[in-house]
Amino acid sequence: MKNNLITNKVLIFRILIVVLFFSIITLLIATIYIKRTALTTLAEDDAKKTSELIFETMYTRMQEGWAKEDLVKILNRMEHIRHGLEVHSYRNKNVEKIMGVIKEDKQKVKNDPLIQKAMEGKKQFVVQEDGSIRYLYPMKTSSECITCHYNSKVGDVNGVLDIKYPPNEIKISLDMVIYYFLIFFMLFIILYFYIFYKIINKKIIEPVVNFTEEIKKVTKDKSFTKRAHIKTKTAEIYSLQSRFNRLLDTITYYYNQLLNNLYTDSLTKIPNLTKLQEDIKLYKTQSLAVVSLDSFKTINSFYGVKVGDFIMNEVAKLLVKTSKDVGKVYRLHSDEFAIFSYETINIDFCEHLIKTISSKLFKYEDIDINIQATIGVAKDSKSRTLEKAILAVRTAKKEKRNIEIYNEELTLKEEYKNHIKLTSLLKHALQNDELTPFYQGLENTKTKKIDKYEALARVVKKDEIITPDRFLEISKSSKQYPKITEAMIRKSFEYFKNKKELSFSINLSMDDIKNEKTT
């Protein structure tokens, strides 16, 4: 394909060659046409005018009494004036009776049918084989001629004027030349632009339009598998298409890499939590087992990250191998895996899996490590499958069991515990002034400086910072919410009282606005 390509420069050169070729053809056709027209209409008209001019000259001299010999001299002089011109005159019978017979002319009239026809009063125009023009002009009797030619009447043919001259001596009027020049110039311009348009349209415009349509199809379908394919021999357009397709290849490569990074755990190379969440959406009913490695943080801290990573990889391989007939394995977090299936995961499989993990001796260089695992299972779930399985494994760990199957009582029990715990924690925080505003800076888009802050409520404990998403709703149900607002307002104003160059905002809810004590 590349061997057949042409560049724009070559294309333009070819266009010029084609246009030049057609220009020459057009010029030749125009020349031939003009020549043929000249040899017919124009030549005949020119010959007629020349004949009339010669006849009038001869007529004038005949009125003056000039003889045949004198007229011959005049005709000879005219032949010298116009190159290639030959003029002869022939008498008819009536003139011969008065003026006498010229044997040589008599013989020519007898042998030449054209002269005979002219004697009958018919003008004869002939283009001869050598291209020369011959025009035979009947000289008719006028009223002035009756005086001398008493044996003739007005309108009779007294003789024939025979004129010959080459085609290059045809006289064409300037108006006619300009007329034909304009016609053929306009035809040439029309032909030129038509050819130019057809070539440019076929070689450049159509491929570009087709390429644009191909791009629209690719972008409309949002598919990385489609490529642009247009037929073109223009190198630049072909190069543009190739570069576009290579760009799609590059985008596809990095898109696949991105998907791989998005859905694949970088350490174990198995699907991750994001992929699990996507796969769960594909089925109405699912089963999920969460496998949590016991005391893995201790192993990681004691033996180091390299050993910990080695254990993770080995466990991942073991889970994939053991679960290949049950479901697909995912890595959730540092020490947790999940086995997803659209069928039921039974207790026998879970027990077999725990036994397999606990009996496996993980050997790294000269270190032998045994690990244990806890499994939480959500069976035949239609919603919140992952949350249920995680709740089950957390419950199993708290109650020191190897396996826990999720049921609704676990959810209620966990919610009650969480509610009681957070209510107590919030009450203690308000009593001991542990509710602390965190100030998030807001950058001024014009000055690019932070000149405003948003006050955000946090409960600060020794080992953690608790955010509002965990305690805000509980504070409302336990009627502690107004105290949170009061503490935030008081502490924020206290903090910013000496920072007059700064401004701050506090988030208020509809409950705050309705509360008269707050407003």
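The values are calculated or read from the model by the stated rules, or taken from the named source; none is laboratory data. Every value quoted in this text rests on a predicted model; they were computed, and no experiment measured them. So basically every Cβ, Gly included, is an ideal-geometry build from the backbone, and we count neighbours across all protein chains shown.
Results for (1) at pLDDT 65 or above; (2) closer than 30 Å to residue 187 by Cα, shown as yes or no for each residue.
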{"residue": "8", "(1), (2)": "no, yes"}
{"residue": "11", "(1), (2)": "yes, yes"}
{"residue": "61", "(1), (2)": "no, no"}
{"residue": "65", "(1), (2)": "no, no"}
{"residue": "88", "(1), (2)": "yes, no"}
{"residue": "100", "(1), (2)": "yes, no"}
{"residue": "106", "(1), (2)": "yes, no"}
{"residue": "112", "(1), (2)": "yes, no"}
{"residue": "116", "(1), (2)": "yes, no"}
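Give the stretch 282-306 a look and list any residue that's closer than 15 Å to residue 371 by Cα, of a type outside the set (D, E, K, R) and modelled with pLDDT of 90 or more, or say none.
Passing the criteria: 291, 292, 293.
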Of all residues in the stretch 466-480 being touching a Lys or Arg at 6+ places or on another chain (Cβ under 9 Å) and touching a residue at least 12 places away in the same chain (Cβ under 8 Å), the one that is surrounded by the most Cβ atoms within 10 Å (Cβ to Cβ) = 475
Enumerated helices (runs of 4 or more DSSP H) restricted to the stretch 270-357, each holding at least 3 residues that are under 25 Å from residue 383 (Cβ atoms) = 273-280
In the stretch 230-259, how many residues are at pLDDT 80 or above and closer than 20 Å to residue 340 by Cβ?
-> 0
Please tell me if residue 445 is hydroxyl-bearing (Ser, Thr, Tyr), touching a residue at least 12 places away in the same chain (Cβ under 8 Å) and closer than 30 Å to residue 492 by Cβ.
-> no
Could you tell me whether the stretch 278-293 includes any residue that is touching a residue at least 60 places away in the same chain (Cβ under 8 Å), in contact with a strand residue (DSSP E or B) (Cβ under 7 Å, 6 or more places away or on another chain) and either more than 16 Å from residue 389 (Cβ to Cβ) or not assigned by TED's automatic domain parsing to the domain that holds residue 353 (or both)?
-> no
Out of (1) within 51 Å of the chain's Cα centre (by Cα); (2) surrounded by 21 or more Cβ atoms within 10 Å (Cβ to Cβ), the one residue 350 does not meet is (1)
Residue in the stretch 484-511 that is farthest from residue 467 (Cα to Cα), counting only those that are part of a helix (DSSP H, G or I) and small (Gly, Ala, Ser) = 492
Within the stretch 299-318, is even one residue of a type in the set (S, T, N, Q) and closer than 26 Å to residue 398 by Cβ?
-> yes
Has the stretch 405-427 got any residue that is touching a Lys or Arg at 6+ places or on another chain (Cβ under 7 Å), surrounded by fewer than 14 Cβ atoms within 10 Å (Cβ to Cβ) and either part of a strand (DSSP E or B) or acidic (Asp, Glu) (or both)?
-> no
When you look at residue 500, is it free of Cβ contacts under 8 Å to residues at least 12 places away in the same chain and assigned by TED's automatic domain parsing to the domain that holds residue 432, yes or no?
-> yes
Inside the stretch 183-234, can you point out the residues that are closer than 13 Å to residue 248 by Cβ, exposed (fewer than 15 other Cβ atoms within 10 Å of the Cβ) and hydrophobic (A, V, I, L, M, F, W, C)?
-> 215, 224
Single condition residue 381 does not satisfy, out of (1) surrounded by fewer than 13 Cβ atoms within 10 Å (Cβ to Cβ); (2) at pLDDT below 90; (3) polar (S, T, N, Q) = (1)
Are there any pairs, at least 6 apart or on different chains, whose C-beta atoms fall under 7 Å, with the first in the stretch 379-401 and farther than 13 Å from residue 340 by Cα and without any contact (Cβ under 8 Å) to a residue 40 or more places away in the chain and the second assigned to a helix (DSSP H, G or I) and of a type in the set (S, T, N, Q), and if so, which?
-> 391/411
